[in-house]
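The values are calculated or read from the model by the stated rules, or taken from the named source; none is laboratory data. For clarity, every value in this text was computed on a predicted model and none was experimentally measured. Here the Cβ positions follow ideal geometry from the backbone for every residue, glycine too, while neighbour counts run over all protein chains shown. Accessible surface is based on the protein model in full, side chains and every heavy atom, while ligands, DNA and RNA are left aside. Shrake-Rupley method; radii C 1.70, N 1.55, O 1.52, S 1.80 Å.
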Amino acid sequence: VLRQPLDLTPVLRGGGQQRGRRAGTEPTALIAGFGAACERARARHRVEAARVGALASKLVAEIVDLVPEARLTVPTAPRLPNTIHICFAECPGDLLVACLDLENIAASAGSACASGVAHGSHVLEALDLPRRYQTGALRLSMGYGTDDRQTSGLGGRIARCVVAATEGSLPAAGV
């Protein structure tokens, strides 16, 4: 591979494979196992994406039905089937997430890099989302373990929290 002498410094230290350029022998069994896991995930991905996407679409419809001013952030763009990003007018995201937390609903009001920021997202601003929606952004994610039982009634619980957060109050847990 090397036609000219080159002084390479190994990144990992260990065995003397390939004249000291490689630290050790690859774990063949682990590599094969990882490959098999990837093939299994790939085989079930299409089915799971469709199933979880249907759950997400049903939840979005329920939320929009209960909170008419709710807006999908970019309704016409393709999105990940398991992720919902929806905005609520005049709704403080921090209160919304706190209320949802009391309801045992895991959600996020923004990206990790904007954690603790009191103003709207620069991304939502760049998308020309009206300012009154920018602080009420909510991201929900679903996974392989999400099913109808977990999403049943979720839209109503989210809608109640939107109302409470917009009014500046937090209901008691389970209300």
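So the values come out like this:
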quantity	calculated
Residue-averaged [θ]222 nm for the chain, counting only DSSP H segments that reach four residues, each worth -39500 (n - 2.57)	-14000 deg cm²/dmol
Accessible surface, 1.4 Å probe, highest first, among residues Arg131, Arg46, Arg160	Arg46, Arg131, Arg160
Among Arg44, Arg79, Arg22: highest mean-square fluctuation, GNM of the chain, C-alpha pairs under 10 Å	Arg22
The chain, relative contact order in percent, only Cα pairs under 8 angstrom and at least six apart counted	24
Of Gly153, Gly136, Gly110, the one that fluctuates the most in a GNM where the chain has Cα springs shorter than 10 Å	Gly153
Accessible surface ranking that places the most exposed of His122, His45 first, with a 1.4 angstrom probe	His122, His45
Overall dimensions of the chain as given by Cα atoms, namely Rg and Dmax in Å	23.5, 73
Whole-Å distance, taken between Cα centres, linking region 142-170 and region 38-84	15
Surface per residue (accessible, 1.4 Å probe) for the chain, Å²	67
Carbon and sulfur %, accessible surface of the chain computed with the full protein complex present, 1.4 Å	57
C-alpha long axis of helix 93-102 to longest principal axis of the chain, angle in °	90
Accessible surface of Val162 - all protein chains present, 1.4 Å probe, nearest 10 Å²	10
Efficiency of FRET from Cβ geometry, Ala106 and Leu12, R₀ 30 Å, rounded to 0.05	0.20
